[in-house]
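Colleague: Have a look at this one before I ask anything.
The numbers here are math on the coordinates, done by the rules we state, and not lab data. Remember, predicted model here, so these are calculated numbers, not experimental data. No Cβ is skipped: glycine too gets one built from the backbone with ideal geometry, and neighbour counts run over all protein chains shown.
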Amino acid sequence: MKVLVLNCGSSSIKYQFINTNDKKVLAKGLVERIGMSSAVLTHQAIGQDKIKIVGEILDHTIAIEYVIAVLLSPNHGVIKDKSEIEAVGHRVVHGGETFSDSVLITDRVMQAIKDNIELAPLHNPPNIKGIRACKAHLPDIPQCAVFDTAFHSKMPPYAYLYGIPYALYKKYKIRRYGFHGTSHRYVSERASQLLKRDISQLKIITAHLGNGASIAAVNKGVSVDTSMGFTPLEGLLMGTRSGDLDPSLVTYIMGKEELSLSDMNALMNKHSGLLGVSGESSDMREIEESMQEGNKRARVAFDIFTYRIKKYIGAYAAAMGGLDVLVFTGGIGENSSLVRKQVCENMEFLGIELNPKLNEAPQGEAEVSSASSKVKVLRIPTNEEMVIALDTAEIVEKQKAQVEKNIDEDSNEIRFN
Ligand code: ADP
């Protein structure tokens with residue numbers, strides 16, 4: 001099945017057009033600066049050169065129109081007719097407590113995604129815009145939603161509840177949800193395939209380290225704990241997000257600096273993390289360069305980043321009662337041998353031993369632990385788009401099969417009137 005996978009942000013749309021039969025990406029691209037006068041669409045049919053189109057793209061509906069047009073383009077496209085787009089799969093950030101799996105988007109599902117806006121005010125609205133835009137341009141094509149929170153929906157209550165009055169959980173649904181679920185799910189499943197071991201036998205820790213970073217404890221294929229919480233602010237140090245804090249310092253800083261709620265939110269989400277500590281950059285490559293040139297604040301930002309990951313690995317190994325596999329993914333997890341090295345240093349007591357040579361190997365899926373390491377350490381590039389495409393194809397195929405079964409049953413029925 002050919003599936004258009006969309007990741008709609010407030011001013012950008014990332015897309016991939018995937019043939020799920022052979023798991024091949026046929027085309028991919030990005031629309032940026034939606035709503036601004038000089039929006040840019042970057043598109044690539046796989047095997048051809050990238051092209052750039054600059055123009056006015058005022059909203060998500062027009063952006064999707066452009067995406068469909070470029071997929072149809074005689075020179076740069078990969079389809080001849082719109083009907084070749086057989087389904088659309090959307091990354092939807094917050095499924096709240098409603099969704100524990102990917103679903104076909106119906107009116108009720110749309111309403112539930114809207115009901116979760118309060119939990120993800122920055123993310124769910126552009127996801128909804130993308131779904132509406134597809135409905136306008138591809139009215140008869142089934143659309144599915146794949147939620148960032150779904151993989152973490154089976155955490156036990158002692159992992160997802162905070163130590164605040166229970167009434168607040170009931171009233172406002174304040175609890176740990178976790179994010180990056182599609183990535184944690186993909187790399188944990190991929191790890192079991194690569195190691196040729198049944199996932200139901202494995203205790204896996206997955207570290208998704210990008211601009212946003214989170215870590216998850218995956219026991220027997222189920223996420224039993226994860227570092228991001230009610231929002232994607234909790235847990236590891238990130239590019240511009242603080243991660244874990246003493247909650248009292250929020251009101252303390254607000255009082256001292258006379259900050260409003262939104263100022264304080266911006267401080268923790270946009271001005272903290274690697275950027276806030278180093279005062280230099282939120283980008284790990286620049287932090288590493290600067291640290292190697294002797295910049296002490298870049299060094300301490302790097303040390304906080306890796307130390308937190310180490311602490312969570314210890315905590316999650318304890319939570320699962322052991323550890324078989326540690327997976328690094330995301331831009332930093334996949335590419336920074338220095339981060340992997342420092343995280344895994346002095347972890348022999350837990351059975352983690354890196355092979356320094358393998359750790360330096362460039363690109364791709366690789367085992368980076370030594371032969372004697374009890375814990376297998378893997379580097380696995382994440383592929384959320386493929387999960388979204390495969391989930392979408394599975395749901396749509398099932399629905400088709402059900403419709404056909406209903407027709408068959410109908411035609412077999414003996415009618416007496
Ligand atoms: P996002 O969360 O936005 O998807 P990515 O997963 O693309 O982010 O990760 C971006 C991060 O990966 C940046 O901090 C970038 O510096 C880092 N990164 C990419 N390549 C390297 C590298 N070779 N060494 C260290 N860090 C890298």
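Colleague: Where the convex hull is taken over the Cα atoms of segment 53-126, what is its projected area averaged over directions, in nm²?
Modeller: So the Cα hull casts an average projection of 6.5 nm².
Colleague: Here is a follow-up. Report the percentage of all Cα-Cα pairs in segment 281-343 whose separation exceeds 16 Å, rounded to a whole percent.
Modeller: Numbers: 959 of 1953 pairs.
Value for segment 281-343 (Cα pairs over 16 Å): 49 percent.
Colleague: What's the percent breakdown of Cα-Cα distances in segment 170-285 across 5 Å bins, shortest bin first?
Modeller: Whole-percent P(r) values from 0 Å outward: 2, 11, 17, 18, 17, 13, 10, 6, 4, 2, 1, 0.
Colleague: Rank the residues T20, T42 as a footprinting-exposure proxy: fewest other Cβ atoms within 10 Å of their Cβ go first.
Modeller: Ascending number of Cβ neighbours within 10 Å: T42, T20.
Colleague: Also: Could you list K154, K135 in order of exposure, starting from the residue whose Cβ has the fewest other Cβ atoms within 10 Å?
Modeller: Starting with the residue having the fewest Cβ neighbours, the order is K154, K135.
Colleague: Work out the P(r) tail for segment 294-398: percent of alpha carbon pairs separated by more than 17 Å, whole number.
Modeller: Taking all Cα-Cα pairs of segment 294-398, the fraction more than 17 Å apart is 59 percent.
Colleague: Also, quick follow-up: When a/c reaches 1.5 or more, the comparison of a/b and b/c decides; with that in mind, is segment 69-215 rounded, prolate or oblate per its Cα gyration tensor?
Modeller: oblate
Colleague: Hey, fewest Cβ within 10 Å first, where do R308, R285 land in order?
Modeller: Lowest to highest Cβ neighbour count: R285, R308.
Colleague: Inverting the mean 1/r over all pairs of different Cα atoms, compute the Kirkwood radius of the chain and quote it in Å.
Modeller: 23.0
Colleague: For n ≥ 4 DSSP H runs only, could you compute -39500 (n - 2.57) per run for the chain, divide by its residues and tell me the 222 nm figure to the nearest 500?
Modeller: Result for the chain, helices only: -12500 deg cm²/dmol.
Colleague: Exactly which GluC sites (Glu not before Pro) in segment 1-66 are in a DSSP loop and have at most 15 other Cβ atoms within 10 Å?
Modeller: E56
Colleague: Using Cα atoms only, what is the angle between the long axis of helix 261-270 and the major principal axis of the chain, expressed in degrees (0 to 90) to the nearest 10?
Modeller: That helix lies at roughly 80 degrees to the long axis.
Colleague: Which value, in debye to the nearest 20, describes the size of the charge dipole of segment 211-277 about its Cα centre when Lys and Arg Cβ atoms bear +1, Asp and Glu Cβ atoms bear -1, and nothing else is charged?
Modeller: On the way: 4 positive and 7 negative charges, 48 e Å.
So the dipole magnitude of segment 211-277 works out to roughly 240 debye.
Colleague: For segment 234-350, count the residues as N, evaluate 2.2 N^0.38 Å, and divide the Cα radius of gyration by that value, please. Walk me through the intermediate numbers first.
Modeller: On the way: Rg = 15.8 Å, N = 117, 2.2 N^0.38 = 13.4 Å.
Rounded to two decimals, the normalised Rg is 1.18.
Colleague: Here's another thing I want to ask about it. Could you tell me the calculated FRET efficiency between A318 and E56, based on Cβ-Cβ distance and R0 = 56 angstrom, to the nearest 0.05?
Modeller: Efficiency, rounded to the nearest 0.05: 0.55.
Colleague: Still on this model: Give, in whole angstrom and from largest to smallest, the semi-axes √(5λ) of the equivalent ellipsoid of segment 10-111, with λ running over the eigenvalues of the Cα gyration tensor. Write out the running numbers ahead of the final one.
Modeller: Working: eigenvalues 124, 75, 28 Å².
Three semi-axes, in Å: 25, 19, 12.
Colleague: Ok, one more. About the Cα centre of the chain, how large is the charge dipole given +1 on each Lys and Arg Cβ and -1 on each Asp and Glu Cβ? Please answer in debye to the nearest 20.
Modeller: 520
Colleague: Longer than 27 Å from Cα to Cα, which of K2/K405; K28/K310; K170/K398; K23/K80; K173/K310; K154/K341 are they? Say none if no pair is.
Modeller: Checking Cα-Cα distances, K28/K310; K170/K398; K173/K310; K154/K341 exceed 27 Å.
Colleague: Further, regarding this structure: Identify, among N335, V277, I287, the residue whose Cα sits farthest towards the positive end of the charge dipole of segment 275-375, taking +1 on the Cβ of Lys and Arg and -1 on the Cβ of Asp and Glu, with the dipole about the Cα centre.
Modeller: V277
Colleague: On a 0 to 90 degree scale, rounded to 10, what angle separates helix 384-412 from the longest Cα axis of the chain?
Modeller: 30
Colleague: With labels modelled as points extended 7 Å from the Cα through the Cβ direction, what inter-label distance (nm, one decimal) is found for F230 paired with K196?
Modeller: 4.8
Colleague: Let me ask another. May I ask which residue of S242, I352, I253 lies farthest towards the positive end of the charge dipole of segment 218-358, with charges of +1 (Lys, Arg) and -1 (Asp, Glu) on Cβ and the Cα centre as origin?
Modeller: The listed residue farthest towards the positive side: I352.
Colleague: I would also like to ask the following. On a 0 to 90° scale, report how tilted helix 60-72 is relative to the longest principal axis of the chain, with both axes built from alpha carbons and the result rounded to the nearest 10.
Modeller: Roughly 70 degrees, rounded to the nearest 10.
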